[in-house]
1. Using a 1.4 Å probe on the protein chains only, how many percent of the accessible area of the chain belongs to carbon and sulfur?
2. Tell me, what ³J(HN,Hα) does each residue in the range 167-175 have, in order and in whole Hz, if you take phi through Karplus 6.51 cos²θ - 1.76 cosθ + 1.60 with θ = phi - 60° and put x for Gly and Pro?
3. As a test of reading the structure, rank D19, D34, D13 by solvent-accessible area (1.4 Å probe, protein chains only), most first.
4. Where the centroid of each part is defined by its Cα atoms, how far is the range 70-92 from the range 121-163 in Å?
5. Mind listing the long-range amide H neighbours of D67? Cut-off is under 5 Å, sequence gap 5 or more, other chains count too, H placed in the peptide plane at 1.01 Å from N.
6. Determine ³J(HN,Hα), in whole Hz, for all residues of the range 22-36 in sequence, where each value follows from phi through the Karplus function 6.51 cos²θ - 1.76 cosθ + 1.60 and θ = phi - 60°; x replaces Gly and Pro.
7. Points 7 angstrom from Cα along the Cβ direction at E148 and D19: gap in nanometres?
8. Given the -39500 (n - 2.57) contribution per DSSP H run of 4+ residues, what per-residue ellipticity at 222 nm results for the chain, rounded to the nearest 500 deg cm²/dmol?
Amino acid sequence: MASIPPIIDIRDDLRRARDAADADVTEDFETVRDRLDAFGERDRADREGVVDEIDNQLLRVEELLDDEEATRAVRSARNRLHIYRESLSSSDEGLLVVDSGVYQHEEPEAERGEVRRPLPVGEVTLTVTVANSGEDAEVEPIVRFYDEDGEELESASGPAFDLAAGTEGRMELEVDVPSDATRYAVSVVRAA
């Protein structure tokens, strides 16, 4: 079962929006949270549908809000969904990032695996698990870093590794996170 990619784990934005909202959006946000919880059990096509459903739900919520701070938080959540869609479309067919995480080098191994909030700055290790539903391939992960407004700051690619058809592979990539990065998204492509 795949985890929720950090870029679309929008619960922090939902909390901010709910706390600032001038309308009762609790039920709408519960629906979004339920869809997020079901995300990891879906295949790629279903995941894209879940993201579309969440985005549509948030658009309806955005139209209900008059509070600027709540609206900004909902827009941030929707922007993160759009970044995720872009990372999916940047991945080659048959390849899917099923999990990723970031840890700083000085962290004890027992504490690794969870993405830290906020995203650690400086030299970190990014772990990526990739599934290959196509043919044997040499694959390469690409990580893109974004600021709070969803603007791409920079990207880095990892070393290529072989991934047999019908398997998953995990790799680590050393990256330097920009100081103003708050989010990241990972895509995977066949190595050139």
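1. On the way: 4020 of 9680 Å².
Accessible surface attributable to carbon and sulfur in the chain totals 42 percent.
2. Running phi through 6.51 cos²θ - 1.76 cosθ + 1.60 with θ = phi - 60° gives 10, 10, x, 10, 9, 10, 9, 7, 9 Hz.
3. On the way: D19 115, D34 95, D13 0 Å².
Listed by decreasing accessible area, they come as D19, D34, D13.
4. 17
5. Hits under the 5 Å cutoff: D22.
6. Going residue by residue, I get 9, 10, 7, 10, 4, 5, 4, 6, 5, 4, 4, 4, 4, 5, 4 Hz, with x marking Gly and Pro.
7. Computed distance between label sites E148 and D19 equals 1.4 nm.
8. My calculation for the chain gives -12000 deg cm²/dmol from helical runs alone.
The values are calculated or read from the model by the stated rules, or taken from the named source; none is laboratory data. Computed from a predicted structure; not experimentally measured. Here Cβ is always computed from backbone atoms with ideal geometry, including for glycine, and neighbour counts include all displayed protein chains. Only protein heavy atoms, including side chains, enter the accessible area calculation; ligands, DNA and RNA are left aside. Shrake-Rupley method; radii C 1.70, N 1.55, O 1.52, S 1.80 Å.
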